[in-house]
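Take a look at the structure set out below.
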Amino acid sequence: MTPREWLVTVVLVLPLVGAGAAGVVSRGWLCRVMTGIAVLTALAALTLAAVALLEPTHRELGRWIVVDPAGGIIVGVIACVGVASALVSPQFLSMRRGSLFQAGRADRIYWATFFAFWAVLLAVPLAGNLGAAWLAIEATTAASALLVGFSGRARALEAGWKYLILTSLGLGVALLGILMLESAAGGGGIEMLTWRTLPHLSLDSDVAVVAYVLLLAGLAAKIGWAPVHNWLPDAHSEAPAPVSALLSAALLPAVLLVAWRSQQALAPTIGVRTAGSVLVGFGLASLAVAVPFLWQSQAWKRLLAYSSLEHMGVIALGVGFGGTLALAGVAIHVVGHALAKALGFYAAIPLLAHEPRASGHGVGGIGTTEPALGVSLGVSLGALAGLPPSPLFVSEVLIVAGGFQVGRPWAAGAAAILLALGFLGLTHALIDTLIGKPRGRDRHPALGLRAVTTMTIVAVPLLLALTVAALWLPDSAIVQGLIRGLG
């Protein structure tokens, strides 16, 4: 095994160790041991991400493992969001009101399932084979569906069931596309469907187009692209806050990476323009569907969920456009969205403690009733809205400019209009949340606020650093690596 393969093994094994340890560690040490293993997992994953990004022209590919710049970005995001979610999980568990499981076993089941989900989630961007990537995505569904329904409330169980059924149906459609590709390639099993091999297979172009559309339509259900996004608002709003952060900030872009690699792998057969147009179509549809919901008063976590629909649409547009500007925008957008969205979900813990009605209704005036919490909510929502100097403002500008750069002016113009409407909707929500009229009288101390305040202090300079990084990224070796892909 090469050093990179050893590092990949460590990254995938450590969270599995955490899942197993959750069943044997004494209850008094459970949270400490789990957070310790989470920190070790994140350090290993961040090391792997750094290797992939610092050596973008040197990658090792096999039938089952790939380490490249795009995967490095996603692995780094999964590592950061995963360890942050693990660090805030003890606070969530101490405040939870009931569970689907018996009181004595609920915490252990939560940690075991959390680490199992994290392990298979890390495997998605490292899968060097389309079939292996599909299996890893399917595995994330089983683990995360249990976490969505963890509270045991009727709405949570319904959301978890809806998520399980709809995403599994979507992945079934994606599997049909994979089987069509395998059959068109002359058989040989899924071992033939590596990211390096796919661009060079002798495939009938018409069959490849149908298989590609089926594959992306199936993956769209897991990514949360419109019009197959129905599970997303319910699951994100009902899952525990640390899990919601992983679902939105890490899982969605990880699955989108598989769609991106599929586009790069099949573009030589079906045409670059055709492959990109499917992604652009999903991106514009997602933006168009998200905008009306962003203009409505929503419960906090539900608002963040519809924001995810918008931002996955933005990333789809960037990948569909291609080119240096758009792909630089994609890299910035993936990381910036993860930071801002994860912070927003973590802030839901003290928000729900401070104002319980926030679980099902919009909130207002948090900046006056709990100023420190208002700052955290403001940083998250301001960044997601694209309010300058948010890195998401810069990334959206780069992606729209990238559309014009590659000769898609109508799509880029439509995206600019939809993004402006989304900006206005989220900005209105930001103002109402911070300085609007308080809507509830049942307020309590914002438990867990210290941890969220600390994360806000860490997130702000990171977001500003991303904004600065966007200035040199288009000409960097990282973006050139993203353009080359894996073929």
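The values are calculated or read from the model by the stated rules, or taken from the named source; none is laboratory data. All of these numbers come straight from a predicted model, not from anything done at the bench. Every residue, glycine among them, receives a Cβ derived from its backbone with ideal geometry; neighbour counts consider all protein chains shown. Surface accessibility is based on the protein's heavy atoms, side chains included, excluding ligands, DNA and RNA. Shrake-Rupley method; radii C 1.70, N 1.55, O 1.52, S 1.80 Å.
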Provide Rg and Dmax in Å for the range 340-388, with only Cα atoms included in the calculation.
10.4, 31
For the range 253-260, 3J(HN,Hα) per residue [Karplus equation, 6.51 cos²θ - 1.76 cosθ + 1.60, θ = phi - 60°, Hz, x = Gly/Pro]:
x, 5, 5, 4, 4, 5, 4, 4
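Which of the peptides 199-206, 218-225, 65-72 is most tightly packed, and how do the rest follow, going by the mean number of other Cβ atoms within 10 Å of each residue?
218-225, 65-72, 199-206
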Length gained, L176-R484, 0.36 nm per residue minus C-alpha separation, equals 108.1 nm
1.4 Å probe accessible area per residue over the chain, in Å²:
36 Å²
Please arrange E5, E191, E158, E182 by accessible surface area, largest first, computed with a 1.4 Å probe and ligands excluded.
E158, E191, E5, E182
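Can you classify the range 292-399 as rounded, prolate or oblate using the Cα gyration tensor, where a ≥ b ≥ c are the square roots of its eigenvalues, rounded means a/c under 1.5, and otherwise it's prolate if a/b beats b/c and oblate if not?
Working: a/c = 2.79, a/b = 2.08, b/c = 1.34.
Taking the square roots of the gyration eigenvalues as a ≥ b ≥ c, the range 292-399 is prolate.
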Taking only Cα atoms, what is the 0 to 90° angle, nearest 10, from helix 323-354's long axis to the longest principal axis of the chain?
20 degrees
Leaving ligands, DNA and RNA out of it, work out the accessible area of H229 with a 1.4 Å probe and give it in Å² to the nearest 10.
20 Å²
Along Cα→Cβ, 7 Å out, is where each label goes; now give me the distance between the ones at T369 and A154 in nm to one decimal.
2.6 nm
Mind listing the long-range amide H neighbours of I65? Cut-off is under 5 Å, sequence gap 5 or more, other chains count too, H placed in the peptide plane at 1.01 Å from N.
G128
Per the helix-only model, the chain has a calculated mean residue ellipticity at 222 nm (DSSP H runs of ≥4, -39500 (n - 2.57) each, divided over all residues, rounded to the nearest 500) of -25500 deg cm²/dmol
Leaving out same-chain residues fewer than 8 places away, which lysines sit with a Cα under 20 Å from that of K162?
K222, K301
With a point put 7 Å past each Cα toward its Cβ, work out how far S26 is from D475 in nm, to one decimal.
6.0 nm
Peptides 166-172, 26-32 ordered by average Cβ neighbours within 10 Å, highest first:
166-172, 26-32
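I'd like to compare 111-122, 296-307: which one has the highest average count of other Cβ atoms within 10 Å, and what's the full order after that? Could you put the intermediate results ahead of the total?
Numbers: 111-122: 25.2, 296-307: 22.7.
The densest-packed peptide leads the list: 111-122, 296-307.
For the chain, what is the Kirkwood estimate of the hydrodynamic radius, computed as the reciprocal of the mean inverse distance between distinct Cα atoms, to one decimal in Å?
Details: mean 1/r = 0.0450 Å⁻¹.
About 22.2 Å, per the Kirkwood formula over Cα pairs.
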Per-residue HN-Hα couplings for the range 131-146, Karplus 6.51 cos²θ - 1.76 cosθ + 1.60 at θ = phi - 60°, whole Hz, x for Gly and Pro?
x, 5, 4, 4, 4, 5, 5, 4, 5, 5, 5, 4, 5, 6, 4, 5
What angle do you read, to the nearest 10 degrees and between 0 and 90, between the alpha-carbon axis of helix 3-21 and the longest principal axis of the chain?
40 degrees
List the residues of the range 231-260 whose backbone N lies under 17 Å from a point placed 7 Å from the Cα of L447 along the Cα-to-Cβ direction.
240-242
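Rounded to a whole number, what % of the accessible area of the range 308-425 do carbon and sulfur atoms account for, probe 1.4 Å?
Numbers: 2320 of 2990 Å².
The computed percentage sits at 78.
Of all accessible surface on the range 1-129 at a 1.4 Å probe, what whole percent is carbon and sulfur? Write out the running numbers ahead of the final one.
Working: 3520 of 5290 Å².
Carbon with sulfur: 67 percent of the solvent-accessible area.
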For the chain, find the longest principal axis of its Cα atoms and tell me its angle to the long axis of helix 69-95, 0 to 90°, nearest 10.
20 degrees
Out of A221, L175, S244 - ranked by how far each Cα lies towards the positive end of the dipole of the range 106-247, with unit charges on the beta-carbon of charged residues - the top one is S244
Just need the relative contact order of the chain here, percent rounded to a whole number, with Cα pairs under 8 Å and 6+ apart.
15 percent
